[in-house]
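The values are calculated or read from the model by the stated rules, or taken from the named source; none is laboratory data. Model, not experiment: these values are computed from the prediction. Cβ coordinates were reconstructed from backbone atoms using ideal geometry, including for glycine residues, and neighbour counts include every protein chain displayed. We work out accessible area using only protein heavy atoms, side chains counted, and drop any ligands, DNA or RNA first. Shrake-Rupley method; radii C 1.70, N 1.55, O 1.52, S 1.80 Å.
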Amino acid sequence: MSLLRYRAGPLVWTGNILATCLLLFFFQKILWLVVPFILALVLHYLLAPLKLRLLLRGVSHDAAAAMVSVAAFLVFALPVVYGFPRLLGDVAGLHETLLRYIGGGIRLLTDVLSDLEARSAFLAESGARAMLETQLGGFFEHFTEKYLPGIVMGLMVWSPSLLLVPFIAFFMLRDGWRFRRLLLRAVPNAYFERSLALIDAVDRTARQYFVGLLQLTLLDTLCLAAGLWVIGIDGALMLGLLAAVLAWIPFVGSVIGCLLVVLVVATDFPGQPGVAYAAIGLFVAVRLLDDFVFMPVTVGKSLNMHPLVTVLMIFIGGAVAGVPGLMLVLPVLGVVMVLGESAGQLLTDPRLHARHAHAKALELRRVTRDLRID
Amino acid sequence: MKWHWLERGKSRAGHRLSGTALFSDLGVRELRVVEAFAHERQFLPDEVVFDAGEDGQALYVVVSGRVAVIAEGAGDKPLAELVAGEFFGEMGLLDGAPRSAQIRALEPTTLVVLPRTEFDRLMVSHARIASCISLQLARHLGRRLRAMLELAPAREAS
């Protein structure tokens, strides 16, 4: 009766990749629900240890979920209420602020090009600086009228679905264990232990990924904030946090984060390109730290994947579902891999099928014992 | 800190586990904590609970009914029978080794199942429950070792 250890074959792998692409395509269609759901899942994973502590003190599931949710609501709501008037003021001045920073960025770029033109005759002849000034100037002159209303409208449309986040997180905390029991109750006895392992593995993969992502964000924020503070940039912590959150989008996010900081530096330190170079150097250093030190000990623990597969899947995710695909492809693939391997394990185990058939036959015999036709 | 104002009296769950060997030293509150992480399964007579050689993912407590422990290659003759209050499947959780025997229900049986993750979680995060379970497990393994030592001379003689 001893069982051979199961290893996923090419069929399961192909199935995993196809399922991941299908899920990403489907998720992209209902992004308004997927985004709050994922944010709620992250919030749930953050609060679950607190609920567990209450459970271990003998508090019921419902009471523990209610207490933790109220405490979390107070912790999150107070800063929002306190900071809302200031945020409104900032939004009102968003137009001017945006133009100021974009102007600073263009100035830095033209300064750098002027410097290069002074050193290279070829560049001077090509008139690259004048061309860039004309094109970028034209683009950004109408940028705020063209794109800003769209961005603000987009934020307004997204805000109601983001309000779902605390509600979903609360119900995950309160009823997650009921859902798990309900799922397991539907599983026949023969498959019960394997299903326990499967649900644990799915939960562990998602938790390790999202908690790892938060740890990575914290480490990135601290490193960037410390570096920017040393360089002498104001609001180093906010900028570091913003750049670290943008880095959730693989490849593109880091570049956007770096660009953002360079814009701020160029505006706050006009005529000092050395500070901008230092900020770019800092970003490259933090990126290297991320890839070789932080990633393996945070997010990397959750996804037991070959680096080449990871990179390929990120490209596939981007092609199938754009930016959401880039962000979601790794956790979705991680969970699909666990599900695929477990399904392969269950479907190819004849002993489990035989035990299930045996249990069904026993049940049939029990319920038909007194039903005899003479 | 006391949480009595939040506890819903004496839970049915507490009663269900209080008569079992593994949890006999636990109070009502601790029993409720264990119950919060446990599942219940019903088995028909002759139904297999698990096979020898499988990975152990859970610990089982017999709440009602009777199960047989059947060693691999020993035919249908059971090594032992376990009745309400007794437990099995603990070895797989302690040393991570595959199941050493098959377990089969002998009559309609209700089992409370404590999954490996929850068992490990209780052991690392609740000192009182961990110490009670560890003590009971040590006693259980001691009794089993003594029984084996007593049986050994008889086996050698035969």
Report summary line: Between the residues A:Phe37, A:Thr205, B:Ala157, the Cα farthest towards the positive end of the dipole of the protein assembly as shown, that dipole coming from +1 and -1 charges on the beta-carbon of Lys, Arg, Asp and Glu, is from B:Ala157
Query raised in the report: Based on DSSP H runs of at least 4 residues, each adding -39500 (n - 2.57), what is the mean residue ellipticity at 222 nm of chain A after dividing by all its residues, to the nearest 500 deg cm²/dmol?
Result: -28500 deg cm²/dmol
Query raised in the report: For helix A:350-367, what angle does its Cα long axis make with the longest principal axis of chain A, in degrees from 0 to 90 and rounded to 10?
Result: 50 degrees
Report summary line: So the angle from the long Cα axis of helix A:252-268 to the longest Cα principal axis of chain A, reported in degrees to the nearest 10, equals 30 degrees
Report summary line: If one compares the long axis through the Cα atoms of helix A:61-92 with the longest principal axis of the Cα atoms of chain A, the angle in degrees, nearest 10, works out at 20 degrees
Query raised in the report: Using the heavy atoms of the protein chains alone and a 1.4 angstrom probe, what is the accessible area of the stretch A:286-337 per residue in square angstrom?
Result: 48 Å²
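Length gain on complete extension for the stretch A:Asn304 to A:Arg107, per 0.36 nm per residue less the alpha carbon to alpha carbon distance?
Roughly 66.4 nm would be gained on extension.
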Report summary line: Heavy-atom accessible surface buried between B and A, both sides counted, 1.4 angstrom probe, nearest 100 Å², is 3300 Å²
Query raised in the report: Using unit Cβ charges (K, R positive; D, E negative) and no other charged atoms, how large, in debye to the nearest 20, is the dipole of the protein assembly as shown about its Cα centre?
Result: 1880 debye
Report summary line: Relative contact order as a percentage, chain A, C-alpha pairs under 8 Å and 6+ apart, gives 27 percent
Requested in this report: Work out the charge dipole of the stretch B:11-146 with +1 on the Cβ of Lys and Arg and -1 on the Cβ of Asp and Glu about the Cα centre, then indicate which of B:Val112, B:Cys132, B:Gly89 is farthest towards its positive end.
Outcome: B:Cys132
Query raised in the report: Helix by helix, which DSSP H runs in chain B go 18 Å or more along their axis at the Cα atoms and have an average Kyte-Doolittle hydropathy of -1.0 or more?
Result: B:127-157
Report task. Can you figure out the FRET efficiency of A:Phe76 with A:Phe315, using R₀ = 60 Å and their beta-carbon distance, to the nearest 0.05? Result -> 0.95
Report task. Please work out the FRET efficiency for the pair B:Ala80 and A:Leu346, using the Cβ-Cβ distance as r and a Förster radius of 51 Å; give the result to the nearest 0.05. Result -> 0.95
Report task. Rounded to the nearest Å, what's the spacing between the alpha carbon centres of the stretch B:114-148 and the stretch A:103-125? Just the number, please. Result -> 73 Å
Query raised in the report: Contour minus end-to-end for A:Phe179 and A:Ala121, with contour as 0.36 nm per residue of separation and end-to-end as the Cα-Cα distance?
Result: 13.8 nm
Report task. Of the options B:Leu17, A:Phe170, A:Leu113, report the single residue whose Cα projects farthest towards the positive end of the charge dipole of the protein assembly as shown (beta-carbon charges: Lys, Arg +1; Asp, Glu -1). Result -> B:Leu17
Query raised in the report: How much length, in nm to one decimal, is gained on full extension between A:Leu11 and A:Asp234, taken as 0.36 nm per residue of separation minus their Cα-Cα distance?
Result: 74.9 nm
Report summary line: Using alpha carbon centers only, the stretch A:158-224 is separated from the stretch A:283-319 by a whole-angstrom value of 21 Å
Requested in this report: Starting from one equal scatterer on each C-alpha and no solvent at all, send me the Debye-based log10 I(q)/I(0) for the stretch B:11-146 at q = 0.12, 0.18 Å⁻¹, two decimals.
Outcome: -0.44, -1.02
**Report entry** Cβ-derived FRET efficiency at R0 60 Å, B:Arg146 paired with A:Leu222, nearest 0.05
**Finding:** 0.55
**Report entry** Descending semi-axes in Å of the protein assembly as shown, equivalent ellipsoid built from Cα gyration tensor
**Finding:** 59, 26, 22
Query raised in the report: Cα centroid distance between the stretch B:32-56 and the stretch A:22-79, in Å?
Result: 30 Å
Query raised in the report: So how far apart, in nm, are the two label points at A:Gln135 and A:Leu260 if each is 7 Å from Cα heading toward Cβ?
Result: 2.6 nm
Report summary line: Percent antiparallel among DSSP beta bridges confined to the protein assembly as shown, rounded to 5, stands at 100 percent
